[in-house]
There are 4 protein chains.
Amino acid sequence: MNFASDNWAGTHPAIAQHLLAAGSGFAVPYGNSELDRNIERRFCELFEREVAVFFVGTGTAANALALAAINRPGGVTFCHREAHMLEDECGAPEFFTHGARLAPVDGELGKIDPAKLAAEIGRFPPGFIHAGQPMAVSITQATEIGTLYRPDEIAAIAAVARRHRLPLHMDGARFANALAALQLTPAQMTWQLGVDIVSFGATKNGCWCAEALVFMDPDAAKDLPFIRKRAAQLFSKSRFIAAQFEAYLQNGLWLELAGHANAMAARLQQGIAASRRARLAWPAEANEVFAVLERSDAERLREAGAVFYPWNPPHANPGLLAENEVLLRLVASFATEAEEVDRFIELLQ
Amino acid sequence: MNFASDNWAGTHPAIAQHLLAAGSGFAVPYGNSELDRNIERRFCELFEREVAVFFVGTGTAANALALAAINRPGGVTFCHREAHMLEDECGAPEFFTHGARLAPVDGELGKIDPAKLAAEIGRFPPGFIHAGQPMAVSITQATEIGTLYRPDEIAAIAAVARRHRLPLHMDGARFANALAALQLTPAQMTWQLGVDIVSFGATKNGCWCAEALVFMDPDAAKDLPFIRKRAAQLFSKSRFIAAQFEAYLQNGLWLELAGHANAMAARLQQGIAASRRARLAWPAEANEVFAVLERSDAERLREAGAVFYPWNPPHANPGLLAENEVLLRLVASFATEAEEVDRFIELLQ
Amino acid sequence: MNFASDNWAGTHPAIAQHLLAAGSGFAVPYGNSELDRNIERRFCELFEREVAVFFVGTGTAANALALAAINRPGGVTFCHREAHMLEDECGAPEFFTHGARLAPVDGELGKIDPAKLAAEIGRFPPGFIHAGQPMAVSITQATEIGTLYRPDEIAAIAAVARRHRLPLHMDGARFANALAALQLTPAQMTWQLGVDIVSFGATKNGCWCAEALVFMDPDAAKDLPFIRKRAAQLFSKSRFIAAQFEAYLQNGLWLELAGHANAMAARLQQGIAASRRARLAWPAEANEVFAVLERSDAERLREAGAVFYPWNPPHANPGLLAENEVLLRLVASFATEAEEVDRFIELLQ
Amino acid sequence: MNFASDNWAGTHPAIAQHLLAAGSGFAVPYGNSELDRNIERRFCELFEREVAVFFVGTGTAANALALAAINRPGGVTFCHREAHMLEDECGAPEFFTHGARLAPVDGELGKIDPAKLAAEIGRFPPGFIHAGQPMAVSITQATEIGTLYRPDEIAAIAAVARRHRLPLHMDGARFANALAALQLTPAQMTWQLGVDIVSFGATKNGCWCAEALVFMDPDAAKDLPFIRKRAAQLFSKSRFIAAQFEAYLQNGLWLELAGHANAMAARLQQGIAASRRARLAWPAEANEVFAVLERSDAERLREAGAVFYPWNPPHANPGLLAENEVLLRLVASFATEAEEVDRFIELLQ
């Protein structure tokens, strides 16, 4: 009954086996092996266009280097108030941009409200040096609280960004979960809606360590090789990332794993919705369920062996909890089994 | 006949297999799993003292974060003119320290000359703000050109560093090769001689991606958890590094692999020394051989399938090459086979 | 009728004359002249304790270097949502700290609410690396909207800061105006209430360019000489700053000038309060008055020669303005004359 | 007999008086006053082309922001081994560029040798990520050791820079001294020879604090307003810099002052050349004389009231000094009087 996070799960056997097979023998290092090149091409196919792809070691690296690539002095990136890059990356985005600021934007259900985004950007009159200058908009898909931007919602945000000539970045730490849930292709969920840069995460969905930074416009990434190396994110035996991606993207494994995680979350959600001892904080749309329980029930579950984290109520939901209640985040992964979910629900009752 | 670099070799089967085994199931992420903790303890045993250990993804990260941990405004780190951190890390050490400078120090055979080190440090009078302030000394063991600091040479440099109250860092990208060649223990080659921080590399010696930053004084590393996270080097499933280290350090595998690489280099060296068509640039002491060949011979070998890089003559050896000659670096690894070496030598004749 | 800002006024004749006198002849550069030393001692007298003083060229430099001096990796400084360092310094504080974040805290009347401050700091559990770590609290006195922290309000914030072992910084761009209004001594308004570092501004109050960074604990500033030089803020002929301070602090000139500016603001406030065509947005407590006018009246005043800026309503006052209204900031300085104020009020009617 | 440095001299009376006159009354701050604009136009006239001009507070700021404006990840700037930016700015250029490196180039008489420059740049093969990438060449005119680049020498360096598409920066801390000595116009000494950016210093030549960053191509400086503000170098009452420049550039005052300083240096040189107790280290070409004396003579002069600094022999002159000798730097300024020079020479005998 481990619902702590999708990064508690190890790696999927098919990925591990493939890494074992692909890892022996000699190969050109630093991203120049045939395998590396093949995976780069695979990404172009996946996105149905010429993209520039850069493997990095962590999702934080992907996000931070995305911003470093489009950095401006006094730059300001607009993201949701509860965005991972703002709350959980120890200042890495600011560090790699030498201090470019992340400006929080509010919005319901973990999603940026386009009107509020426009208002925040509007506080930066062009050429007013003192305030700095807008440099990007970043959204998270799936969001930090397990919800999803619909295509029209992404398009609305992209329209605001485009109006101010700002690139739109998507933190896709759970990109596959979003794709699987929305039944969209990578192209449909990104550049066809106006997304320019994607942090393409695979670690949470069955890899050990496989993250890619994808630029829809390769010209925009021409400095990235230097930026990545200077950031200590150019791996000598980079094929160990490429090999993971090869297995991950083969025969739809990635979407299968994400679909499973989503299904387990849905099963969990169903059980909670039917329960009298818990309620859903908001609808789960990908692989994360947020539930409100009485503190004593949460304690009881924990003692029975369930693993999970309490979560801070979002700023948008100030009155979510009663005095004796707690908000739990329950994350399903490729490795979550239906029996565990059922046992959890059973215990909950 | 691949002598291009030890990072062209893949991973050793024992390490790959162990990763496969250790990578399944749920585990606490971000360096807090039992496996992570065990390996940390293993490092304490290895160094025969309480050390602080931080896994990172690249050798560049280890070096850069070592300096970030001891950073000073206007800081200057003294390293050999041909040090990897100065020549091959795209400015990462300066980037992660926000501009602390690397000051080149000369010395024969790729090794810092203690007298020249003292003279360079002496150019920074204490409290003379304009010049900045010394902050560290860094040596590479084995060096970039395949030589080794003897214990007394390390002690001499440490004495200079200590006199100026500067921490001494050792870039140990080929730490195991040095240990195996010198028949020293980690403690004997480091803190017992005055080394304070070690970039402990395993990637070049049979891992895919396993580097550790080791502080002899854990107090000196108290900010490192934040520095590492902010540097995007805290891996969620960090056990994939820990697992590699577990196999690597088990039953002396690491020293066995390094010893093999050294032996292959020695075999190569012997062949070259006996050859009439090549000469050694200087004695090979670890797993790298530097040889001077006529350009046409180098070309001929390359056409016959040998893989290697030409190398810039060190500043200390300006007259090394005749007009028609070229300096080759030939690197042996855990995966180098005696037959390849012999074939290379045969072809050379 | 220039109420645009106190930095539109030139320099006070006494200061200019003194600079002229003190600027000829030879003197040791880089802050080591006798004059520099004298002014440093003058600051110790002023603050009634041994302080460390560093002259810099701009208020932004003072604020940014204050944070640089107490910098931490992943550091977070808590300041009011409308603080100058957050809204008007183009990211300088983040730049000079390599990305340490400024976290906005809300509060009425431009002042941090101590309870909200405690809540924000509470979101950073000690040792939770992902969120970064608290590093400082910063208040502005007088505030950006012309209000003042009372001694007990500063003490309340200092208590929260101290509880979390965070240094308390005071942005004193209008330090003299606050002192004069509150009838406190520098010691009473700072360290006796728990303030650790002061950006001591004089430029807005009659100097051309004279800002000082004052550390109540000189030990906390031991790296500042290097930090300042590296920041390009160590002036060779630094006596041009020292000389301005000498005249400024002589015979109470600074408090006299600030008192005059405050009095002019009070006169303006009185006129507006009595007017039927404008109302005060909130009470003016130092040298800035914020008034709500109908847009057409503001336009009319501007055409009649009044100079002022419109201002964004604070987040804490969302409903401040009716559709056809505008918020004006009116700043009085040492150079403001009573006749101008009266003419403005007359025109307003 | 103060020959310590030209920054020991105060300000020229004409400049001080003009500042006094121009500093009263209200004016738009932050570089937007009429006076600021006028001086910007004055610079365009001076350079006989449309230039972009930015006032900053220190020469270090000018140099550092010049590099920040053309910054690249992993960037490397080539400058003379004894360049001020490399030896005397406490790492500011690296800090403001987030770690872009300064690569020392050798050359006689304090001047970069074009062939050595080409060789150093040649060590960075295009696209070889590990080494970083060349980003600029910087020369100092007059040099740190009082010599001058002839027009053809500047052109030769510019040719190397252009071949590698690198901008050429000139550190003109003593720009006027060079102009006056070479009898060239600003245009002739800069862009007509291939110089792209100039740090235009006036502080050492009779101002208190007046430095300008001049871009020959205004497009190359489009981010500079944000870079300068973020660097805390945008002065609110920036007219105090503009006013100094106005007086400085009026009626050729600046060249007159520089010419005087040069003449005093020449007089000093003549005296030393004729002396039997000292010899010139190399010819003085601007306002700095470097002389070799016996240690006891230097001591004697100091006791007699002469003020000067000992100087480290350049790397290019390792055998300059006998055991009992010392190298002195003797700097003349606008304020140096012929009597002082004569007294010094007299004492020397």
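Some values worked out for this structure:
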| quantity | calculated |
| --- | --- |
| Condition met for C:A64 (over 27 Å from C:P318 (Cβ atoms), at pLDDT 95 or above, in contact with a Phe, Trp or Tyr (Cβ under 9 Å, 6 or more places away or on another chain) and more than 10 Å from chain A (Cβ to nearest Cβ)) | no |
| Some residue of the range A:10-22 being in contact with a strand residue (DSSP E or B) (Cβ under 9 Å, 6 or more places away or on another chain), outside any loop (DSSP other than H, G, I, E, B) and surrounded by 21 or more Cβ atoms within 10 Å (Cβ to Cβ) | no |
| Residue satisfying condition, being more than 12 Å from chain C (Cβ to nearest Cβ) and either surrounded by 24 or more Cβ atoms within 10 Å (Cβ to Cβ) or touching a strand residue (DSSP E or B) at 6+ places or on another chain (Cβ under 7 Å) (or both), within set D:E34, D:E40, D:E50, D:E45 | D:E40 |
| Condition check for A:S5: over 30 Å from C:P134 (Cβ atoms), surrounded by fewer than 24 Cβ atoms within 10 Å (Cβ to Cβ) and of a type in the set (S, T, Y) | no |
| Residue count for the range D:305-325, restricted to those that are loosely packed, with under 13 Cβ neighbours inside 10 Å, touching a Leu at 6+ places or on another chain (Cβ under 8 Å) and more than 16 Å from D:E288 (Cβ to Cβ) | 0 |
| Pick from the range C:159-206, criterion assigned to a loop (DSSP other than H, G, I, E, B) and over 23 Å from C:L253 (Cβ atoms), ranking: most open to solvent (accessible area, probe 1.4 Å) | C:R165 |
| Residue in the range A:286-298 that is among the basic types (K, R), farther than 15 Å from A:F3 by Cβ and out of contact with any Leu (no Cβ under 8 Å at 6 or more places or on another chain) present | yes |
| Failed criterion for C:A258 (all others in (1) under 30 Å from D:W208 (Cα atoms); (2) open to solvent by 60 Å² or more (accessible area, probe 1.4 Å); (3) of a type in the set (A, V, I, L, M) hold) | (2) |
| Checking A:N71 against (1) open to solvent by 20 Å² or more (accessible area, probe 1.4 Å); (2) over 14 Å from A:A173 (Cα atoms); (3) at the interface with another protein chain (Cβ under 9 Å from one of its Cβ atoms), the condition it does not meet | (3) |
| Matching residues, the range C:174-211, being of a type in the set (A, V, I, L, M, F, W, C) and within 14 Å of chain D (Cβ to nearest Cβ) | C:A202, C:C207, C:W208, C:C209, C:A210 |
| Residue selected from the range D:326-339 under the condition crowded, with 20+ Cβ neighbours inside 10 Å and either among the β-branched types (V, I, T) or assigned by TED's automatic domain parsing to the domain that holds D:G107 (or both), by the criterion farthest from D:I145 (Cα to Cα) | D:T336 |
| Qualifying residue in the range D:285-292 (condition: more than 30 Å from D:Y30 (Cα to Cα), open to solvent by 20 Å² or more (accessible area, probe 1.4 Å) and modelled with pLDDT of 95 or more) | yes |
| Where a residue in the range C:330-344 is on the phi < 0 side of the Ramachandran plot and its partner, wherever it lies, is at pLDDT 95 or above and acidic (D, E), with Cβ under 6 Å and at least six apart | C:V331/C:E288 |
| Helices (runs of 4 or more DSSP H) completely within the range B:34-103 that count 1 or more residues being touching a Lys or Arg at 6+ places or on another chain (Cβ under 7 Å) | B:34-47, B:59-69, B:92-96 |
| Selected residue (criterion: surrounded by the fewest Cβ atoms within 10 Å (Cβ to Cβ)) from residues of the range D:98-149 that are without any contact (Cβ under 8 Å) to a residue 24 or more places away in the chain and within 21 Å of D:P314 (Cβ to Cβ) | D:A115 |
| Condition check for D:D223: open to solvent by 10 Å² or more (accessible area, probe 1.4 Å), in contact (Cβ under 8 Å) with a residue 24 or more places away in the chain and not basic (K, R) | yes |
| Single residue of A:L320, A:L257, A:L327, A:L293 found to be under 18 Å from the mean Cα position of the chain (by Cα) and aliphatic (A, V, I, L, M) | A:L257 |
| Subset of the range A:217-232 [away from chain B (no Cβ under 14 Å) and either touching a helix residue (DSSP H, G or I) at 6+ places or on another chain (Cβ under 7 Å) or over 18 Å from A:P186 (Cβ atoms) (or both)] | A:D219, A:A220, A:A221, A:K222 |
| Filter result for D:F235 (under 22 Å from C:I241 (Cβ atoms), away from chain C (no Cβ under 14 Å) and buried (at least 22 other Cβ atoms within 10 Å of the Cβ)) | no |
| Residue in the range C:78-92 that is over 29 Å from C:W282 (Cβ atoms) and either within 19 Å of the chain's Cα centre (by Cα) or touching a residue at least 60 places away in the same chain (Cβ under 8 Å) (or both) present | no |
| Only listed residue being within 29 Å of D:G206 (Cα to Cα) and within 14 Å of chain A (Cβ to nearest Cβ), chosen from C:T11, C:T97, C:T58, C:T77 | C:T58 |
| Meets criteria (surrounded by fewer than 24 Cβ atoms within 10 Å (Cβ to Cβ) and not in a strand (DSSP E or B)) for D:A156 | yes |
| Condition check for C:A242: touching an Asp or Glu at 6+ places or on another chain (Cβ under 7 Å) and closer than 30 Å to D:S5 by Cα | yes |
| B:I145 being closer than 30 Å to B:F240 by Cα, modelled with pLDDT of 95 or more and among the hydrophobic types (A, V, I, L, M, F, W, C) | no |
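Okay, residues lined up against (1) on the phi < 0 side of the Ramachandran plot; (2) in the same structural domain as C:P93 (by TED's automatic domain parsing); (3) of a type in the set (A, V, I, L, M):
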position	(1), (2), (3)
C:N2	yes, no, no
C:W8	yes, no, no
C:G31	no, yes, no
C:L35	yes, yes, yes
C:R42	yes, yes, no
C:E45	yes, yes, no
C:A61	yes, yes, yes
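The values are calculated or read from the model by the stated rules, or taken from the named source; none is laboratory data. These figures come from a predicted structure and were not determined experimentally. FYI the Cβ positions are ideal-geometry reconstructions off the backbone, even for glycines, and counts take in every protein chain you see. What goes into the accessible areas is simple: the full protein's heavy atoms, side chains included, and nothing from ligands, DNA or RNA. Shrake-Rupley method; radii C 1.70, N 1.55, O 1.52, S 1.80 Å.
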